[in-house]
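Participant: Here's a structure for you.
Derivation of every value follows stated rules applied to the coordinates shown; laboratory data play no part. In this text the structure is predicted, and so the values were computed from the model without any measurement. FYI the Cβ positions are ideal-geometry reconstructions off the backbone, even for glycines, and counts take in every protein chain you see.
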Amino acid sequence: MSKTVLITGASSGIGEATGKYFIQKGWNVAATMRTPNKALDWTKTNKVICPQLDVTKPETITSAIHETLEYFGSIDVLINNAGYALMGSVEGVTPEQLHQQFQTNFFGLVSTIQTILPIFRSSGGGTIINVASIGGRIGFPFTSSYHATKWAVEGLSEAMRYELRRFNIRVKIIEPGGIKTNFINHGALWAPHPAYTEMENHVRNFMDMINDSLAKPEGVAKVIYRAANDKSGKLRYSPYGEAIFFLHTILPDQLWRSLVESIMLGKTSSPNQY
Ligand SMILES: NC(=O)c1ccc[n+]([C@@H]2O[C@H](COP(=O)([O-])OP(=O)(O)OC[C@H]3O[C@@H](n4cnc5c(N)ncnc54)[C@H](OP(=O)(O)O)[C@@H]3O)[C@@H](O)[C@H]2O)c1
């Protein structure tokens, strides 16, 4: 019998690529979306349903999970992928923007996990895959709000796997590097502040510059699939992030920060100024 995966934020980018990949591999896919788009070709098969699910609306989480159980009979893997980036200085971000960022990237993910856990426990197990980011372990300028949510996802995931192991529920974290999706151009919301305009412009230019050279989401989808089938205790998978983690680990902190500042903020300064 085919296994079933439920994905949040499957309308574009990594979520969509992952849905398509699991279909190719013969899985049933609940490609949940904030605004279900029945026009997407890859969803036009009886192996895919597109329940409406907005992670900030708990009632839609419950209804999407029930719809999936009714249609496919079970859920084996949950992929918490929905998310966006609030960009801007700490000073420029409003409390409402920060609240919304956490509602989507963190509290929405927690609600989805809390809704699926009783189902996984009663069915004898399952796998929870949380899409964090390299930004869940390394901080970059003007991305503090987003980082805070992804660090929260990392901490939650690492802690809860101790609680869930004896229920045969695996936890996996995916930490992609920069990926070419809607994320940078449309999925990123900017909170500008006049005191930081020059640095903000550098970051925007940097993001525009790198966008076309980023990896495609299909590579991340393959890693997510591998994680879904990996029965080992491996927790973290870093598609297109390994090189950055490696550099961050081996470079002295002052040199790392001076590099990030010169590349992203256009400031060249000696590492020992830090
Ligand atoms: N692209 C990167 O460089 C990168 C790197 C590291 C981690 N990530 C993470 O990867 C995940 C997917 O991002 P992506 O790159 O594929 O960007 P994307 O193409 O913008 O996809 C984001 C998805 O999240 C959905 N979403 C946003 N708010 C939602 C909500 N309240 N409820 C349900 N769905 C919601 C979007 O739905 P709508 O279509 O309705 O907006 C969309 O389907 C995110 O968690 C992101 O943080 C991305």
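Participant: Over the chain, how many percent of alpha carbon pairs lie in each 10 Å bin up to the one with the longest distance?
Facilitator: Going from the shortest bin to the longest, the percentages are 7, 29, 35, 20, 8, 2, 0.
Participant: Calculate how steeply helix 217-229 sits against the longest principal axis of the alpha-carbon atoms of the chain, using the helix alpha-carbon long axis, and give the answer as 0 to 90 degrees to the nearest 10.
Facilitator: Approximately 50 degrees, to the nearest ten.
Participant: Mind putting a number on the dipole of the range 19-122 about its Cα centre? Charges go on the C-beta only, +1 for Lys and Arg and -1 for Asp and Glu, and I need it in Debye to the nearest 20.
Facilitator: So the dipole magnitude of the range 19-122 works out to roughly 400 debye.
Participant: Here's something else I'd like to know. Among A191, V93, V153, which residue has its Cα positioned farthest towards the positive end of the charge dipole of the chain, with +1 placed on the Cβ of Lys and Arg, -1 on the Cβ of Asp and Glu, and the dipole taken about the Cα centre?
Facilitator: V153
Participant: Note down the magnitude of the dipole of the chain about its Cα centre, charges +1 on Lys and Arg C-beta and -1 on Asp and Glu C-beta and zero elsewhere, to the nearest 20 debye.
Facilitator: 1040
Participant: Using only alpha carbon pairs under 8 Å that are at least six residues apart, calculate the relative contact order of the range 1-119 and give it in whole percent.
Facilitator: 27
Participant: Cα centroids of the range 163-201 and the range 91-107: how far apart, whole angstrom?
Facilitator: Between the Cα centres of the range 163-201 and the range 91-107 lies a distance of 13 Å.
Participant: Which pairs break 27 Å Cα to Cα here: K172/K216; K44/K150; K20/K57; K57/K231?
Facilitator: Checking Cα-Cα distances, K44/K150; K57/K231 exceed 27 Å.
Participant: On a 0 to 90 degree scale, rounded to 10, what angle separates helix 197-211 from the longest Cα axis of the chain?
Facilitator: 50
Participant: Same structure again: What is the range 161-228 by shape, rounded, prolate or oblate, if you read a ≥ b ≥ c off the alpha carbon gyration tensor as root eigenvalues and call it rounded for a/c under 1.5, prolate for a/b larger than b/c, and oblate otherwise?
Facilitator: Oblate, because a/c is 1.5 or more while a/b does not exceed b/c.
Participant: Continuing with this model, one more query. For a label point 7 Å from the Cα of A243 along Cα→C-beta, name the residues of the range 198-218 whose backbone N is under 18 Å from it.
Facilitator: 206-218
Participant: Using a/c under 1.5 as the rounded threshold, could you call the range 99-148 rounded, prolate or oblate? The axes a ≥ b ≥ c are square roots of the C-alpha gyration tensor eigenvalues, and prolate needs a/b larger than b/c, oblate otherwise.
Facilitator: Judged from the Cα gyration tensor, the range 99-148 comes out oblate (a/c at least 1.5, b/c at or above a/b).
Participant: Leaving out same-chain residues fewer than 8 places away, which aspartates and glutamates sit with a Cα under 18 Å from that of K38?
Facilitator: Straight-distance partners of K38: E16, D54, E67.
Participant: Have a look at V77, Q103, V55 and report the one farthest towards the positive end of the charge dipole of the range 47-120, computed about the Cα centre with Cβ charges (Lys/Arg +1, Asp/Glu -1).
Facilitator: Positive-end residue among those listed: V77.
Participant: Using only the alpha-carbon atoms, how far is helix 108-123 inclined from the longest principal axis of the chain? Give it as 0 to 90 degrees, nearest 10.
Facilitator: Its long axis makes an angle of about 30 degrees.
Participant: Give, as a single signed number, the net charge of other residues whose beta carbon lies under 14 Å from the beta carbon of P51, with Lys and Arg counted +1 and Asp and Glu -1.
Facilitator: Here the count lands on -1.
Participant: Given N residues in the range 203-274, what is Rg(Cα) / (2.2 N^0.38 Å)?
Facilitator: 1.46
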